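Report on the following structure.
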Amino acid sequence: MGRLCSPLAPVLLAMALLQGAPGSWNQPGCGQPTSSERIVGGGDAPRGRWPWQVSIQYNGRHHCGGSLISAEWVISAAHCFELSDLVPSYRVNLGEHQLSWPDRCRISAPVRHIFIHPNYSSPRSSADIALVQLEEPVRYTDDIRPVCLPGPADTFPDNHTCWVTGWGTTAMGVSLLPPRTLQEVEVQLIEPAACNALYNIDPNPSIGRDPVKPDMLCAGYAQGQRDSCQGDSGGPLACEHNGTWLLVGVVSWGDGCGRPNRPGVYVRMAAYSEWIWGHVGSGHQAITTGECTARADGGRSCFRSFLLLFTALLLSL
């Protein structure tokens with residue numbers, strides 16, 4: 001089967017809707033890439049490997065990354081929207097792979113609203129998270145699919161291997177060369193205490209000691225070399241759990257790129273699940289087919305009898 005540029009075929013879509021990340025409140029079928037290849041150590045990402053990755057465009061140019069979490073919502077970093085408070089200055093490009101050669105299946109979506117977390121104050125501060133609501137819900141294709149958000153039971157230990165992606169610079173001041181293919185790199189999670197211990201080695205006076213706060217996490221290595229960089233801000237730190245990809249972090253800040261003892265710092269998604277749900281909850285429920293009710297543990301339970309019937313009817317055609 002070739003890659004789908006049009007919306008997913010009805011039977012495939014119905015089957016995707018019947019899937020979900022257990023223990024989390026997510027768009028059904030989230031966290032399922034169409035490519036299973038990997039390039040260990042950093043490099044070009046295969047097409048379709050990270051279908052939730054978006055390019056936040058400012059006045060027609062790539063500015064930041066972001067992650068699609070439902071048909072009309074994207075998560076990014078708050079500091080990505082400091083250039084202007086004019087919503088029309090921003091667009092969200094979905095289905096991108098090589099920025100120099102826009103894909104025929106790419107969607108460039110206008111933005112309806114941008115929600116900055118009220119506790120955000122400046123770069124490197126806590127709450128560096130933003131929600132972007134698209135003007136209209138997008139249709140899923142092979143290259144446009146949402147990532148799952150972690151639920152309360154989804155925890156990842158220190159040193160767990162995850163992936164960060166983006167179109168940012170490949171080193172300080174070194175732009176990504178044409179055709180500007182989406183980059184991926186494998187990194188290890190580092191808890192705040194261990195990360196602060198690294199940042200406290202010959203600390204940068206402009207950053208100070210213990211800069212990594214409880215709502216943050218780090219990813220990388222003590223020796224450096226693998227990291228996110230300028231232009232990757234707002235993009236996903238994704239971790240695989242039982243075959244499903246979860247958005248564990250959002251690219252936030254760092255002290256240079258790939259320097260020893262300076263791993264990249266990310267917004268810890270689990271710290272902001274309540275705020276996210278407060279904005280996207282009603283919209284998510286409207287997008288989901290079937291009746292959904294909130295669970296006390298923060299997850300969602302969906303009654304999908306309609307989908308089962310719909311799938312059975314399609315298969316009988």
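For the stretch 217-272, the solvent-accessible area works out to 29 Å² per residue, with a probe of 1.4 Å and every protein chain left in place. Note on the stretch 146-261: Cα Rg divided by 2.2 N^0.38 Å, N the number of residues, gives 1.07.
Histogrammed with a bin width of 5 Å, the alpha carbon distances of the stretch 113-169 distribute as 4, 11, 11, 18, 26, 21, 9, 2 percent, first bin at zero. Take the stretch 74-139 with all the other protein chains still there, run a 1.4 Å probe, and you get 49 Å² of accessible area per residue.
Overall, the anisotropy analysis places the stretch 161-213 in the oblate class: the square-rooted eigenvalues a ≥ b ≥ c of its C-alpha gyration tensor yield a/c not less than 1.5, with a/b not exceeding b/c. Applying 1/(1 + (r/R0)^6) with R0 = 22 Å to the Cβ-Cβ distance of ASN159 and ASP210 gives a FRET efficiency near 0.60. In the complete set of protein chains, residue-level accessible area for HIS79 is approximately 40 Å², probe 1.4 angstrom.
The values are calculated or read from the model by the stated rules, or taken from the named source; none is laboratory data. None of the values given here were measured: they were computed from a predicted structure. Note that we place each Cβ from the backbone using ideal geometry, even for glycine, and neighbour counts take in every protein chain shown. Each accessible area value is taken on the protein alone, full model and side chains, heavy atoms only, with ligands, DNA and RNA left out. Shrake-Rupley method; radii C 1.70, N 1.55, O 1.52, S 1.80 Å.
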